[in-house]
1. Hey, can you tell me all the residues within the stretch 98-136 that are open to solvent by 40 Å² or more (accessible area, probe 1.4 Å), assigned to a helix (DSSP H, G or I) and not hydrophobic (A, V, I, L, M, F, W, C)?
2. I'm trying to understand the selection: among the residues of the stretch 22-62, which are under 21 Å from ASP144 (Cβ atoms) and either open to solvent by 50 Å² or more (accessible area, probe 1.4 Å) or free of Cβ contacts under 8 Å to residues at least 40 places away in the same chain (or both)?
3. For residues that are touching a helix residue (DSSP H, G or I) at 6+ places or on another chain (Cβ under 8 Å) and not aliphatic (A, V, I, L, M), scanning just the stretch 5-48, find the one that is nearest to LYS114 (Cα to Cα).
4. Considering only residues that are touching a Gly at 6+ places or on another chain (Cβ under 9 Å), of a type outside the set (Asp, Glu) and under 17 Å from VAL66 (Cβ atoms), which ones fall in the stretch 132-146?
5. Please go through the stretch 201-215 and give me each residue that is touching a residue at least 40 places away in the same chain (Cβ under 8 Å) and either open to solvent by 20 Å² or more (accessible area, probe 1.4 Å) or in a loop (DSSP other than H, G, I, E, B) (or both), ordered by number.
6. For the stretch 169-182, check the following and say yes or no: at least one residue is open to solvent by 70 Å² or more (accessible area, probe 1.4 Å) and hydrophobic (A, V, I, L, M, F, W, C).
7. For the stretch 164-200, name all the residues that are outside any loop (DSSP other than H, G, I, E, B) and of a type in the set (S, T, N, Q).
8. On the given criteria, is ALA149 more than 14 Å from the chain's Cα centre (by Cα) and crowded, with 21+ Cβ neighbours inside 10 Å?
Amino acid sequence: LKQADIGVAMGIKGTDVAKGAADMVLANDDFSTIETSVQEGHHVFDNIRKSIRFLLPTSFAEGLIVVLSILLNQKLPLYPTQLLWINMVSALTIQFAFIFEPIEKGIMQRGPRKIEAGILTKGDMLEIAYVALLIAGLGIGAYDWAVHAGLPALIGSTMTLNIIIFGKIFYLFDIRTNHYAISKYFFQNKMAFWIIGALLLLQVLIIYTPFMQDIFYTTSVDLFWGWIVPVCLGAVVLLVTEVIKFLKIRLLQRPQ
């Protein structure tokens, strides 16, 4: 038991010495429990990893908007309270979607993960970088476009707020599965759609409720600038990440 990578002892029939030396003790003496535990372990690890891969680039994007605006010597597209709102609603809504993510097909066909390997791979770090730059670039570019088109800065700021939110929503669809987002797995996590619905309701409140407008420096916006533009730019995030996912899958399918 000591020499094994993971020593397993039986909790009912096993001796006290065996249970004391083992890394794992089966309370029901049923070795099929190990398979269930490994499957659940893979599932939990997958969801933690997805949460981190989602949180880091979307959070970095907000910081990049501030940094790039300062470097470009232009007005900040987002107010501090709006940045606070983005983080607050994300923590209360989108990230909970990963809790309800079901076990992916073929999870038990994977080989064991190297113990010394970190949670994030080099590919994950690269993805975090380009997704953060993409969302930040879309936000700043759209804000400049709106202001140069003659719109008030407050409308541009409200539009940018929605762009970041929709960027997060579309990125969620890409990252929640290793398969393509638009596939038979699209509706697998039905709770994610309820969570997105709650998020959009909160966005309507912050944009069109007078007392929320005073706190978060938002203003009522029309359908085009307030919703169509943010949805289209958010879809760009999904399009780019899905194209890269397609290239990854094709690369893995190539013969060695």
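The values are calculated or read from the model by the stated rules, or taken from the named source; none is laboratory data. It should be emphasised that the depicted structure is a prediction, and the values quoted were computed from it without experimental measurement. Here the Cβ positions follow ideal geometry from the backbone for every residue, glycine too, while neighbour counts run over all protein chains shown. With ligands, DNA and RNA removed, areas are computed over all heavy atoms of the protein, side chains included. Shrake-Rupley method; radii C 1.70, N 1.55, O 1.52, S 1.80 Å.
1. Listed by number, the residues that qualify are GLN109, LYS122, TYR130.
2. Once the filter is applied, which keeps residues that are under 21 Å from ASP144 (Cβ atoms) and either open to solvent by 50 Å² or more (accessible area, probe 1.4 Å) or free of Cβ contacts under 8 Å to residues at least 40 places away in the same chain (or both), the stretch 22-62 yields only PHE60.
3. HIS42
4. Residues of the stretch 132-146 that are touching a Gly at 6+ places or on another chain (Cβ under 9 Å), as a first pass: 132, 134-136, 138-139, 142-146.
With of a type outside the set (Asp, Glu) added as a condition, the list becomes 132, 134-136, 138-139, 142-143, 145-146.
Listed by number, the residues that qualify are ALA132, LEU134, ILE135, ALA136, LEU138, GLY139, ALA142, TYR143.
5. Of everything in the stretch 201-215, those that are touching a residue at least 40 places away in the same chain (Cβ under 8 Å) and either open to solvent by 20 Å² or more (accessible area, probe 1.4 Å) or in a loop (DSSP other than H, G, I, E, B) (or both) turn out to be LEU202, ILE215.
6. Within the stretch 169-182 (the criterion being open to solvent by 70 Å² or more (accessible area, probe 1.4 Å) and hydrophobic (A, V, I, L, M, F, W, C)), the answer is yes, since at least one residue qualifies.
7. So the first thing to find is which residues in the stretch 164-200 are outside any loop (DSSP other than H, G, I, E, B), and the list is 164-175, 190-200.
Within the stretch 164-200, none qualify.
8. Spelling it out, it is not the case that ALA149 is more than 14 Å from the chain's Cα centre (by Cα) and crowded, with 21+ Cβ neighbours inside 10 Å.
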